[in-house]
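Engineer: Okay, here's the structure, questions in a sec.
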Amino acid sequence: MTLSRRRVPLLAPSLLAADFGNLQAETERLATSAADWLHCDVMDGRFVPNISFGLPVLQAIHRHAAQPLDVHLMIEEPQHYLAAFREAGATTITVHYEACTHLHRVVQQIKALGCQAGVALNPHTPVGVLEDIAADLDLVLIMSVNPGFGGQSFIPNTLRKVAAMKELLVDTGSAALIEIDGGVTLENAGALVEAGADVLVAGSFVFNSPDPVATLAQLRAHLDATIGAELSGQE
Ligand code: DX5
Ligand code: ZN
């Protein structure tokens, strides 16, 4: 996968906020949108106090999706389900630092399956915990809300955290992308990218708008205007 030649930031609408009664249409209408990835939030009611959807729904999304599936596992013991999520169509699999006692092993398992490996950090978890594993990662996901629900308010400390994560990635020689998840809107997107974010997840901002495709286009145009249409990888 040519992650080094990506156009940043990538936009990853979260289907958690889509109409679950109409997932085929919701997925298909994003095909020609500014979405680069489709963010899929899997919740188990244990790691987070909510249950969203699991493997069969992901499989159905995959059947109708034009973009890679960016699967965010908010579940305990994710190691038991990695192959099944790969089978269901995941391109990127992100597990939570807080849910993995043997995180290094889990990351290697994800990569052995041929997926991109991501690790997510809850708002209270400092970026430094990833120091010894950063070079192995394709993605770090910084939660800008407490995981479990869409539609929450962005935690302002995230901006400081993104900058610290960027520094850590440079120091460790890691090429991992920084993804931000929770409360992303037109108001904070520019500042996040300036701080170092490479991937922006947006759920309610996109799907609670009258026209999600137009909203994604608006977000893309806003970012192009404020930070320029940059090509990140200087190969
Ligand atoms: C929260 C999920 C998010 C959520 C984002 O636990 O991980 O991906 O869908 O939704 P918004 O953009 O509404 O905060
Ligand atoms: Zn998510």
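The values are calculated or read from the model by the stated rules, or taken from the named source; none is laboratory data. All figures in this text were calculated on a predicted structure; none of them were measured in a lab. Neighbour counts run over all protein chains shown; Cβ positions are idealised from the backbone, glycine included. To get the accessible areas, we keep the full protein, side chains included, count just its heavy atoms, and leave off ligands, DNA and RNA. Shrake-Rupley method; radii C 1.70, N 1.55, O 1.52, S 1.80 Å.
Engineer: Length gain on complete extension for the stretch Arg46 to Ala191, per 0.36 nm per residue less the alpha carbon to alpha carbon distance? Walk me through the numbers before you get to the answer.
Structural biologist: Values: separation 145, 0.36 × 145 = 52.20 nm, distance 3.29 nm.
Length gained between Arg46 and Ala191: 48.9 nm.
Engineer: If you wrap a convex hull around the Cα atoms of the range 59-171, how much volume per residue is inside, in Å³?
Structural biologist: 116
Engineer: Cα-based Rg (one decimal) and Dmax (whole number) for the chain, in Å?
Structural biologist: 16.2, 46
Engineer: Could you tell me the center-to-center distance, by alpha carbons, between the range 1-78 and the range 205-220 in angstrom?
Structural biologist: After rounding, the separation between the Cα centres reads 16 Å.
Engineer: Can I ask one more? Could you order Val107, Val193 so the one with the most accessible surface comes first? Probe is 1.4 Å.
Structural biologist: Highest to lowest solvent-accessible surface, that is Val193, Val107.
Engineer: Further question on the same structure: How much area per residue is accessible in the range 3-234 when the probe is 1.4 Å and only protein heavy atoms are counted (Å²)?
Structural biologist: So the range 3-234 comes to 42 Å² accessible per residue, rounded to a whole number.
Engineer: Under a Cβ-Cβ cut-off of 12 Å, what is the net charge of the residues other than Ile75 that fall near it, where Lys and Arg count +1 and Asp and Glu count -1?
Structural biologist: Here the count lands on -4.
Engineer: Can you tell me the dipole magnitude for the chain around its Cα centre, using point charges on the Cβ only (Lys, Arg +1; Asp, Glu -1), in Debye to the nearest 20?
Structural biologist: Roughly 200 debye, rounded to the nearest 20.
Engineer: With only alpha-carbon atoms in the gyration tensor, what are the semi-axes of the equivalent ellipsoid for the range 1-141, in Å, largest first?
Structural biologist: 24, 18, 14
Engineer: Just want the answer: with Cβ charges of +1 for Lys and Arg and -1 for Asp and Glu, which residue in Pro9, Thr226, Thr125 is farthest toward the dipole's positive end in the chain?
Structural biologist: Value: Pro9.
Engineer: When the accessible area of the range 3-234 is split by element with a 1.4 Å probe, what percent falls to carbon and sulfur?
Structural biologist: The nonpolar share, carbon plus sulfur, comes to 50 percent.
Engineer: What would the Debye equation give as log₁₀ I(q)/I(0) for the range 113-200 at q = 0.18 Å⁻¹, counting only Cα atoms as equal point scatterers?
Structural biologist: These q points yield log10 I(q)/I(0) values of -0.72.
Engineer: Identify the GluC sites (Glu not before Pro) of the range 1-84 meeting these criteria: DSSP loop state and at most 16 other C-beta atoms within 10 Å of the C-beta.
Structural biologist: Hits after loop and neighbour filter: Glu76.
Engineer: Rounded to the nearest 0.05, what FRET efficiency is calculated for Ala217 and Ala60 with R0 set to 22 Å and r the Cβ-Cβ distance?
Structural biologist: Efficiency, rounded to the nearest 0.05: 0.30.
Engineer: Pop a pseudo-label 7 angstrom from the Cα along the beta-carbon direction at both Ile227 and Asp171 and give the gap in nm to one decimal.
Structural biologist: Between Ile227 and Asp171, the label points sit 2.2 nm apart.
Engineer: How do Asp136, Asp181 stack up against each other in accessible area, from largest to smallest, with a 1.4 angstrom probe?
Structural biologist: So, going from the largest accessible area down, we get Asp136, Asp181.
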